[in-house]
Structures are given as structure tokens and as C-alpha cells.
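Below is one structure; the comments refer to it alone.
No value in this document is a laboratory result; all are computed from the given coordinates. In this text the structure is predicted, and so the values were computed from the model without any measurement. Methodologically, a virtual Cβ is constructed for each residue, glycine included, from the backbone with ideal geometry; neighbour enumeration extends over all protein chains shown.
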Amino acid sequence: MRHEQATKITCSIFKKQEVVIRDITDKLNAAQGIEKKAALAVELKKEVEALISCPDFDSEKLDCQNCDFIANMRKKTADLIIKAKKLV
């Protein structure tokens, strides 16, 4: 999902985490080598967990549904990078 689309979610928790997550994602994309990428993936996963375990989650709200979907995709991405490091 493009950054412009993600920022349309009007949740203050999402907006706060999105800045941190976007920074980590940009660093991860620029990182060279699996060791650096895996370390950043661990950091990403930690920040994404704040969204996944959001105390204000409401399954009826579209913003919450979108946030949860984005957070879970990012978590899966981080998990794949971490697994790739273990395979090397």
C-alpha cells in the first residue's frame, strides 16, 4: 500500500505508529545484507504489534479494519525477513 493511502486512516494511534513504521520500512528497504534487514525487521515487528494489539480496536470501524489489515501484512513481511536470516 502506498504511503498516501495509508495515511487516510484517521486514528491517532495509527498516525503516530505510521511515522515510526514508515521510517523503519525505509531503512529496511535501503539496508544491505540480511543481518541488517533482519534486525530492522525485528524492530518493525515490535512497532507493528502496537497496532495489532490496539486497545481501541473496533471491528465495526473501517479505519480499524484497514489498520489491522495493513499491520498484519507488515508483520508477515517482517516474519519472512526474519525467517530468511535463519535460512542463511
Point to revise | Relative exposure of F14, F57, judged by other C-beta atoms within 10 Å (fewest first) | key: F57, F14
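Which ordering of V19, V48 is given by a fewest-first count of other beta-carbon atoms within 10 Å? Let's see the in-between values first.
Values: V19 9, V48 23.
Taking fewest neighbouring Cβ atoms as first place, the list is V19, V48.
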Study note, to complete from the structure: Longest principal axis of the chain (C-alpha) makes with the long axis of helix 34-52 (C-alpha) an angle, in degrees to the nearest 10, of 20 degrees
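From the P(r) of the range 3-87, can you give the percent of Cα pairs sitting at distances over 14 Å? Don't jump to the answer; show the numbers that get you there.
Details: 2201 of 3570 pairs.
In whole percent, the long-distance tail amounts to 62.
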Review point. Can you list the lysines whose alpha carbon sits under 19 Å from that of K36, skipping same-chain ones fewer than 8 residues off?
Key: K27, K45, K46, K75, K76, K83, K85, K86
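Working out 0.36 nm times the residue gap between D56 and A30, then minus their Cα-Cα distance, what length gain in nm do you get to one decimal?
So the chain would gain 6.1 nm between D56 and A30.
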**Study point:** Relative exposure of T10, T77, judged by other C-beta atoms within 10 Å (fewest first)
**Key:** T10, T77
Study note, to complete from the structure: Relative contact order as a percentage, the range 3-87, C-alpha pairs under 8 Å and 6+ apart, gives 34 percent
